[in-house]
Amino acid sequence: MTCEYSRHPNWEERYQTAKRLLAQTNLLVLTGPSGVGKTTVAELLHRHGDRDSEPLLFHPAAAMTQGLFESQIFGHQKGAFSGATKDYGGLAGATGQGTLVIEGLEDWPLTVQAKMLRFIQERMYRAVGANRERVFVGRLVFTSRIPLRNLMYENAIREDLYFRLSGSEIALPTPAQRPLDFHAVAEAMCAQLKREMNIQSTHPNQTDLEHLRGLSLPGHFHDLRNRLLQSMITDMPIEALSIPEEDHGAGLQQGELPDTGTLKGDLAKVEAVLIQRALELYPHNRKALAKHLGVSLRSLLYKLKEHGLN
């Protein structure tokens, strides 16, 4: 089956590769900036797979602290620790033969990665306080805003875990890289919003969608969904809506040029945008960020302070 909201040949190939990976290895990593549809793709793959009647569970990696990790994922037995007043099967047990999606791999603490690596490789786990191990029979999907290679360069992911996951990585294209899909995605979003919100509205119409297509949407599909929803709720044309913009790089939006009145001021705003964009790829490693930008570490630290990006 093809991806139901894409007509772009490039994306169709990636979607089919992701589908095969998940079906054959029970492991997949979806990477791409916020708003490119990682969660949606995980849902589509589960719904269109041969386990669509099994559970689909989501869990944020940032919640995997050292103290809670094993209990959250593997479960615990009553009395295993203070506060464990009853048995808990954990997400691994609740997943069954379904799909467990762990979101935000870039937020994964290093302290728990060794245990997760063993879980991925051995497909075995032991609940806290239990004596015997259990077999995990479900599928694992990880998402990350940052490519795995960049996480390794930043020392934000163990090297052995990187090599275990890298063969299962599928990088999702941004909406700008999928121009053939804009109307299909927007129309699918409209249909979903109307069902969820039970809204009857004359907007957005085709004119609204054409206007949206020409806009810069830094939040990708998140921005698109927000504008569609506002148009439906207010029953107003997209062009007439006044939606607050996020501050993406000192007020400069993609595809726009600043006009501060001076060349120095314009260059400063452009520089802030470029550094902010690079920070999304290297948020924790200043040396790697400086190398990516082609400047010295000292110069980078000065520019971060100058633009208020510390």
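All of the numbers you see were taken from the coordinates with simple rules; none came from a lab. Values in this document were obtained by computation on a predicted structure and should not be read as measured data. Every residue, glycine among them, receives a Cβ derived from its backbone with ideal geometry; neighbour counts consider all protein chains shown.
Here are a few things to note about the model shown:
- Label-to-label distance, residue 222 versus residue 118, with points set 7 angstrom from Cα along the beta-carbon direction: 3.5 nm.
- Take 90-99, 196-205 and order them by the average number of nearby Cβ atoms within 10 Å per residue, most first; the result is 90-99, 196-205.
- Alpha carbon Rg of segment 125-224, scaled by the compact-globule rule 2.2 N^0.38 Å: 1.64
- Theoretical ellipticity at 222 nm over the chain - DSSP helices of four or more residues, -39500 (n - 2.57) apiece, nearest 500: -13500 deg cm²/dmol
- Principal-axis analysis of the Cα atoms of the chain puts helix 297-306 at an angle of about 60° to the longest axis.
- When the chain is treated as a GNM with alpha-carbon contacts under 10 Å, the residue of 174, 31, 207 showing the greatest mean-square fluctuation is 207.
- Backbone amide hydrogens, once placed in the peptide plane, bring residue 124 within less than 5 Å of 136, excluding anything fewer than 5 places away on its chain.
- Angle in degrees between helix 38-47 and the longest Cα principal axis of the chain, rounded to the nearest 10: 50 degrees
- Entry note, the chain: relative contact order of 18 percent, from Cα contacts under 8 Å with a spacing of 6+ residues.
- Here the average projected area of the convex hull drawn through the C-alpha atoms of segment 5-156 stands at 9.7 nm².
- Length-normalised contact order of segment 39-172 in % [C-alpha pairs under 8 Å, at least 6 apart]: 25 percent
- Here's how it looks for residue 58: its modeled amide H is under 5 Å from those of 101, which are all 5 or more places away or on a different chain.
- Net charge over other residues, Cβ less than 14 angstrom from the Cβ of residue 133 (K, R count +1; D, E count -1): +4
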